[in-house]
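Below is one structure, written out as structure tokens, with a few remarks after it.
The values are calculated or read from the model by the stated rules, or taken from the named source; none is laboratory data. Remember, it's a predicted structure, so these values are computed and weren't measured experimentally. Glycine also receives a Cβ, built like all others from the backbone with ideal geometry; neighbour counts cover every protein chain displayed.
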Amino acid sequence: MITLHHLRVGRSIFTVWLLEELSVDYQLKVYHRNPETMRAPAELRDIHPLGKSPVIDDDGLVLSESAAITSYILEKFDADNKFSPKRSSLNEWATYQQWLAYPEGSVFAPLLLKMLTLRSGVEHPVMTPFSEAEIKLHFNHITKQLGDNDFILGDAFTGADFAITYMVSMAERLGVIGDYPTLVAYFERMKNRDAFKRAIEKAIE
């Protein structure tokens, strides 16, 4: 059975959501951040040397990194390719891989800078304009990709939507999503999925 090591509050909620979408039997182990530093507790380093989340342990196979975990879970439990394109179409598969990797690889960094700046309470002469410009660049790109579609790759919900939703949810918490009504509507659609609601109920304590 998969054990998901879930750090509150953080990205691992979206791995809980993935497991709920697939109706996978899993064990959830919840960790809480240090209220002063907002860092993970030392116990997470007993699971993985980086002490980050999400981390899964599947009968001794320990995996970190959200995109790698998503790919592994879908490879193992999504035999019908419900949430990932069939490999018979290389171009479709490559596009999917791009959008699966893109959120954590490119979008997260400027959002993190924005979060740290807000937490410090002081605007930074370099980081603030840089993060704001990058956030605008990325969220315009995501908005254009979505267009009038329900999901990031069109009419079908895929593994890439878990990662994109994390970025959009983070942007909402930082107060930078209001200028993107397409993304606000997208996030509402994701939050209304039954599996998302179950994930919130199980992972938010």
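One table, with the values for the structure above:
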| read-out | value |
| --- | --- |
| Of all residues in region 47-58 being modelled with pLDDT under 95 and not polar (S, T, N, Q), the one that is surrounded by the fewest Cβ atoms within 10 Å (Cβ to Cβ) | P49 |
| Top-ranked residue in region 117-136 [being among the hydrophobic types (A, V, I, L, M, F, W, C) and loosely packed, with under 13 Cβ neighbours inside 10 Å; ranked as nearest to the chain's Cα centre (by Cα)] | A133 |
| Residues that are among the hydrophobic types (A, V, I, L, M, F, W, C) and within 16 Å of S131 (Cβ to Cβ), drawn from region 169-187 | M170, A171, L174, V176, I177 |
| Filtered residue count, region 25-83, keeping only those that are closer than 30 Å to Q98 by Cβ, of a type in the set (S, T, N, Q) and in contact with a strand residue (DSSP E or B) (Cβ under 7 Å, 6 or more places away or on another chain) | 2 |
| Qualifying positions in region 154-205 - within 17 Å of V9 (Cα to Cα) and acidic (D, E) | E172, E201, E205 |
| Any hit, region 119-139, residues being at pLDDT 95 or above, touching a Pro at 6+ places or on another chain (Cβ under 7 Å) and among the acidic types (D, E) | yes |
| Filtered residue count, region 12-37, keeping only those that are free of Cβ contacts under 8 Å to residues at least 40 places away in the same chain and buried (at least 23 other Cβ atoms within 10 Å of the Cβ) | 0 |
| Some residue of region 146-158 being small (G, A, S), assigned by TED's automatic domain parsing to the domain that holds E104 and in a helix (DSSP H, G or I) | no |
| Some residue of region 96-107 being touching a His at 6+ places or on another chain (Cβ under 6 Å) and within 18 Å of L174 (Cα to Cα) | yes |
| Hey, A156 buried (at least 19 other Cβ atoms within 10 Å of the Cβ) and not aromatic (F, W, Y) or not | no |
| Test for Y186: is it surrounded by 13 or more Cβ atoms within 10 Å (Cβ to Cβ), in contact (Cβ under 8 Å) with a residue 40 or more places away in the chain and within 15 Å of the chain's Cα centre (by Cα) | yes |
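Yes or no, residue by residue, for (1) among the β-branched types (V, I, T); (2) surrounded by fewer than 17 Cβ atoms within 10 Å (Cβ to Cβ); (3) without any contact (Cβ under 8 Å) to a residue 60 or more places away in the chain:
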| site | (1), (2), (3) |
| --- | --- |
| R45 | no, yes, yes |
| I73 | yes, no, no |
| D80 | no, yes, yes |
| W99 | no, no, no |
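Yes or no, residue by residue, for (1) part of a helix (DSSP H, G or I); (2) of a type in the set (K, R); (3) farther than 22 Å from S23 by Cα:
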residue: F162; (1), (2), (3): yes, no, no
residue: Y166; (1), (2), (3): yes, no, no
residue: M170; (1), (2), (3): yes, no, yes
residue: I177; (1), (2), (3): no, no, yes
residue: T182; (1), (2), (3): yes, no, yes
residue: F187; (1), (2), (3): yes, no, no
residue: M190; (1), (2), (3): yes, no, no
residue: A195; (1), (2), (3): yes, no, no
residue: R198; (1), (2), (3): yes, yes, no
